[in-house]
Protein chains: 2
Amino acid sequence: MRQLSKVTCDMSMSLDGFTAGPRQSLDQPFGEGVDDRLHRWMFEQAEVHADVIEAGTEAGAFIMGRNMFAPGRGEWDLDWNGWWGEEPPYHAPVFVLTHHPRESVTMKGGTTFHFVTDGIESALARAREAAGERTVSIAGGAHTVNQYLAAGLIDELRLHIAPVILGQGERLLKDVGDLNLEPVHVAGTDLVTHVTYRVGR
Amino acid sequence: MRQLSKVTCDMSMSLDGFTAGPRQSLDQPFGEGVDDRLHRWMFEQAEVHADVIEAGTEAGAFIMGRNMFAPGRGEWDLDWNGWWGEEPPYHAPVFVLTHHPRESVTMKGGTTFHFVTDGIESALARAREAAGERTVSIAGGAHTVNQYLAAGLIDELRLHIAPVILGQGERLLKDVGDLNLEPVHVAGTDLVTHVTYRVGR
């Protein structure tokens, strides 16, 4: 039997545990008042963190929640193909969890968005199939990651902790149960602390 | 004018942001089901983390909340002199924030507990006076630390993040406002990630 793909998750998080602020919208995709505060390290120190950024995007397939793919809720606006323009940075199949069926959308550069309506385990099975021997990355947002953590389906959690207090918003690590975590790597700069956890089953 | 003492704070915290579980009591001082889960690194890897532990106890004065000093609430049980036996590990004056006046208590080894009823700024002024040129350490618990952070009175926050999810309990970094944080040091083992933040004013 073929070994199952490793499942990773890279998340930028505030020191008080949020991956986005409240009231995410088209104008403020990371929530009110957040802008790039959680991701300054990626933009202002891209060269310093090149290995970390590369590791976060090299998966063979990605999974994300509907709320990460689109600002709208409910029925699809078929003109919306994600936040990332014509050539999204995934360059691989991306499985979007949703309650609303939609045809797959093929973008430039190898990214195809598939819309999965039958739950996180089904999405993971399809992502593993697509990834082959490469990893599957749970791309976000917090609610989606929490669901996969609670189900024991993530092997490696790579937190990028920004030195920022948001006070409210989308909370990571909520309702995930008592995880078996082992920090295996730690590093950082003045804009971020990277901690990689191996997650036991 | 003499330079004010540096104010530090060492806290062990779960990855999801708690410094203790729910319902702290005489039998379970760190809350239900927590035991030493946040502090295994101190007990099982004391030699590895000797410098960190030393740095956390070398202050010239300490401040703690009533709830860290005693399991009871309300009027004092005068037989209770803290959790730490006849010779507490502080070896310095300890200022305990409380609404209930009590005479100071001198223990062995240089620890004296003083009970302060007129608020956090008064306690800090007294602790600075006692510490002289040495640092003042805010010893806990979470609510006390949060108050000092919100007031902009902590210069250096040293978090010791245990790879543990508690899910509920006493939350650090709650209602502290938008702190100006800069990570200045990071290190760790399989039982803890140490991150030191300089806190701007």
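The values are calculated or read from the model by the stated rules, or taken from the named source; none is laboratory data. Keep in mind that what you see is a predicted model, and the values were worked out from it rather than measured. Reconstructed Cβ throughout: ideal geometry from the backbone, glycine too, with neighbour counts over all protein chains shown.
Look at A:I154 and say whether it is of a type in the set (V, I, T), within 14 Å of the chain's Cα centre (by Cα) and part of a loop (DSSP other than H, G, I, E, B).
Against the criterion (of a type in the set (V, I, T), within 14 Å of the chain's Cα centre (by Cα) and part of a loop (DSSP other than H, G, I, E, B)), A:I154 qualifies.
Report every pair of residues separated by at least 6 positions or lying on different chains whose Cβ atoms are under 6 Å apart, first residue within segment B:136-147 and modelled with pLDDT of 95 or more, second part of a helix (DSSP H, G or I) and of a type in the set (V, I, T).
B:I138/B:V145; B:Q147/B:I120
Can we say A:D16 is within 14 Å of chain B (Cβ to nearest Cβ) and in contact with a Gly (Cβ under 7 Å, 6 or more places away or on another chain)? It would help to see each step written out before you state the result.
Numbers: within 14 Å of chain B (Cβ to nearest Cβ): yes; in contact with a Gly (Cβ under 7 Å, 6 or more places away or on another chain): yes.
So A:D16 fits the description; yes.
Kindly check whether there is at least one residue in segment B:51-70 that is out of contact with any helix residue (DSSP H, G or I) (no Cβ under 8 Å at 6 or more places or on another chain), under 26 Å from B:E121 (Cβ atoms) and polar (S, T, N, Q). First the steps, then the outcome.
From segment B:51-70, those out of contact with any helix residue (DSSP H, G or I) (no Cβ under 8 Å at 6 or more places or on another chain) are B:51-52, B:54-58, B:66, B:69-70; that's our starting set.
Filter once more, keeping what is under 26 Å from B:E121 (Cβ atoms): B:55-58, B:66, B:69-70.
Checking the rest, the ones that are also polar (S, T, N, Q) come to B:57.
Yes, there is a match, as at least one residue in segment B:51-70 is out of contact with any helix residue (DSSP H, G or I) (no Cβ under 8 Å at 6 or more places or on another chain), under 26 Å from B:E121 (Cβ atoms) and polar (S, T, N, Q).
Please work out which residue is nearest to A:A127 (Cα to Cα), limiting yourself to segment A:1-15 and to residues that are aliphatic (A, V, I, L, M) and surrounded by fewer than 15 Cβ atoms within 10 Å (Cβ to Cβ). Lay out the reasoning, then the answer.
Taking segment A:1-15 first, the residues aliphatic (A, V, I, L, M) are A:1, A:4, A:7, A:11, A:13, A:15.
In the following step, the residues that additionally are surrounded by fewer than 15 Cβ atoms within 10 Å (Cβ to Cβ) were identified as A:1, A:4.
Values: A:M1: 17, A:L4: 11 Å.
Per the stated criteria, the residue is A:L4.
With the requirement that a residue be outside any loop (DSSP other than H, G, I, E, B) and either surrounded by 19 or more Cβ atoms within 10 Å (Cβ to Cβ) or among the aromatic types (F, W, Y) (or both), what does segment A:16-40 give you? Talk me through it step by step, then tell me what you get.
Taking segment A:16-40 as the starting set, the residues that turn out to be outside any loop (DSSP other than H, G, I, E, B) are A:18-20, A:40.
Residues satisfying the conditions are A:F18, A:T19, A:A20.
Regarding B:D10, is this residue among the charged types (D, E, K, R) and not in a loop (DSSP other than H, G, I, E, B)? Spell out how you get there, then give the answer.
Working: among the charged types (D, E, K, R): yes; not in a loop (DSSP other than H, G, I, E, B): yes.
Yes; evaluated as a whole, the condition is true for this residue.
Among the residues of segment B:169-186 satisfying the criterion of being facing chain A (nearest Cβ under 7 Å) and part of a strand (DSSP E or B), which is surrounded by the fewest Cβ atoms within 10 Å (Cβ to Cβ)?
So the residue we want is B:E182.
Please pick out the residue among A:D77, A:D118 that is closer than 23 Å to A:A20 by Cβ, among the charged types (D, E, K, R) and out of contact with any Ser or Thr (no Cβ under 6 Å at 6 or more places or on another chain). It would help to see each step written out before you state the result.
Working: A:D118 fails: closer than 23 Å to A:A20 by Cβ.
Selected residue: A:D77, the only one of A:D77, A:D118 that is closer than 23 Å to A:A20 by Cβ, among the charged types (D, E, K, R) and out of contact with any Ser or Thr (no Cβ under 6 Å at 6 or more places or on another chain).
Test each condition in (1) closer than 18 Å to A:V164 by Cβ; (2) within 11 Å of chain A (Cβ to nearest Cβ) for B:G152 and report the one that comes out false.
Only one criterion is unmet by B:G152, namely (2).
Report yes if some residue within segment B:132-139 is among the hydroxyl-bearing types (S, T, Y), in a loop (DSSP other than H, G, I, E, B) and more than 10 Å from chain A (Cβ to nearest Cβ); otherwise report no. Reasoning before the result, please.
Keep residues of segment B:132-139 that are among the hydroxyl-bearing types (S, T, Y), which gives B:135, B:137.
Right, trim to in a loop (DSSP other than H, G, I, E, B) and you get B:135.
Right, trim to more than 10 Å from chain A (Cβ to nearest Cβ) and you get B:135.
Yes.
Each row is one residue, and each column tells you yes or no for (1) under 28 Å from A:A162 (Cβ atoms); (2) basic (K, R); (3) in contact (Cβ under 8 Å) with a residue 12 or more places away in the chain.
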{"residue": "B:V7", "(1), (2), (3)": "yes, no, yes"}
{"residue": "B:S14", "(1), (2), (3)": "yes, no, yes"}
{"residue": "B:L26", "(1), (2), (3)": "no, no, yes"}
{"residue": "B:H39", "(1), (2), (3)": "yes, no, yes"}
{"residue": "B:M42", "(1), (2), (3)": "yes, no, yes"}
{"residue": "B:A46", "(1), (2), (3)": "no, no, no"}
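Tell me whether segment B:160-168 contains one or more residues that are over 21 Å from B:F69 (Cα atoms), more than 14 Å from chain A (Cβ to nearest Cβ) and not small (G, A, S).
No, segment B:160-168 has no match at all.
Can you tell me which of B:F62, B:F115, B:F43, B:F95 is among the aromatic types (F, W, Y), surrounded by fewer than 16 Cβ atoms within 10 Å (Cβ to Cβ) and not in a loop (DSSP other than H, G, I, E, B)?
Working: B:F62 fails: surrounded by fewer than 16 Cβ atoms within 10 Å (Cβ to Cβ); B:F115 fails: surrounded by fewer than 16 Cβ atoms within 10 Å (Cβ to Cβ); B:F95 fails: surrounded by fewer than 16 Cβ atoms within 10 Å (Cβ to Cβ).
Result: B:F43 is the single residue among B:F62, B:F115, B:F43, B:F95 that is among the aromatic types (F, W, Y), surrounded by fewer than 16 Cβ atoms within 10 Å (Cβ to Cβ) and not in a loop (DSSP other than H, G, I, E, B).
Among the candidates B:T144, B:T196, which residue alone is at negative phi, more than 9 Å from every other protein chain (Cβ to nearest Cβ), surrounded by fewer than 23 Cβ atoms within 10 Å (Cβ to Cβ) and not in a strand (DSSP E or B)? Give the derivation first.
Numbers: B:T196 fails: not in a strand (DSSP E or B).
Step by step, each of B:T144, B:T196 is checked, and only B:T144 is at negative phi, more than 9 Å from every other protein chain (Cβ to nearest Cβ), surrounded by fewer than 23 Cβ atoms within 10 Å (Cβ to Cβ) and not in a strand (DSSP E or B).
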